[in-house]
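What follows is a short report on a single structure.
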Amino acid sequence: MAEYVEVEEAKSMSGLRVVLTPSVPGPWTEAARGILHVKRIPYIKVRQELGGANLPLLEWTRQTTAPVFVYNDERPRSLWNDQLFLAERLQPEPALIPSSIEDRVRMFGLANEICGETGFGWARRLMMLHGTLSNPSAKEDAKGFARFLGAKYGYEPALAEAAPRRVAEIVGALDRQLAAQRERGSRYMIGDRLSALDIYWAAFAALFEPLPQELCPMSPGFRKMYVCTDPTVRAAMSPHLLAHRDFIYHEHLELPLDM
């Protein structure tokens, strides 16, 4: 079981402190954990208050989401690409950003489609929120939490209804990239070695279908919410993408997930 310190305690510490959400495999959080695991960068786990006001975190990092990287007295880093660049600086090897500019451009472009605003994770969150907010039978506490998250993701019914097509478009692009890599004899998304793109996809694939319970312990409610039943998305999702998720976790990442 992961051990956490509280925000107020972490503020007085040095080194790398990483704000994480306990007990929930949030894709941005799990991708950050994966990068730090592969690079073997030591860090202190700091508890995020899920769904609360998070006032100490707001005072420290000027925002309330997770993950956040805080290294010594440097500025807090709450964006996925800023966190990757810091990890590369702290531990250059194994490099998770390709040295070839062509591969680098492709990796960051596809990674943004997974992690960035309006990307795979963002659109799937809108779909999940819509399932609760549009359901007249949903409990009020569930709707309250969905409204709280919806304010962060700019939830609007029209955006949520368009989200499945966006997700399908993204997984189609990832599948074509993976197929091109198989043709040239590579098991990885970019080049011939593990990159951050592989880790991002492995973590974010949970928003389609999480790893089995013995590898990814989740409450039944969160697991049900994570599984994507939308027919447009399911038709677009290639079994090769889920097989790639499994390969990356079993070959490179930590199992079972330690949340």
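The values are calculated or read from the model by the stated rules, or taken from the named source; none is laboratory data. These figures come from a predicted structure and were not determined experimentally. Here Cβ is always computed from backbone atoms with ideal geometry, including for glycine, and neighbour counts include all displayed protein chains.
The condition of being surrounded by 16 or more Cβ atoms within 10 Å (Cβ to Cβ), in contact with a Lys or Arg (Cβ under 9 Å, 6 or more places away or on another chain) and not assigned by TED's automatic domain parsing to the domain that holds MET107 holds for only one of LEU257, LEU207, that being LEU257.
ALA138 falls short on exactly one of the conditions (1) part of a helix (DSSP H, G or I); (2) more than 27 Å from MET237 (Cα to Cα); (3) of a type in the set (A, V, I, L, M, F, W, C), and that condition is (1).
Within the range 168-188, residues that are in a helix (DSSP H, G or I) have Cβ atoms under 8 Å from residues that are among the acidic types (Asp, Glu) in these pairs: ILE170/GLU113; ALA173/GLU113; LEU174/GLU113, counting only partners at least 6 apart in sequence or on another chain.
Of the residues making up the range 1-36, those that are in contact with a helix residue (DSSP H, G or I) (Cβ under 8 Å, 6 or more places away or on another chain) and surrounded by fewer than 19 Cβ atoms within 10 Å (Cβ to Cβ) are GLU6, GLU8, LYS11, LEU16, VAL24. Against the test of being farther than 14 Å from TYR226 by Cβ, assigned by TED's automatic domain parsing to the domain that holds MET225 and in contact (Cβ under 8 Å) with a residue 60 or more places away in the chain, the options PHE120, PHE145 yield a single qualifying residue, PHE145. Of the residues TYR188, TYR200, TYR249, which is among the aromatic types (Phe, Trp, Tyr), farther than 21 Å from PRO25 by Cα and surrounded by 15 or more Cβ atoms within 10 Å (Cβ to Cβ)? Just a single option satisfies the conditions, and that option is TYR188.
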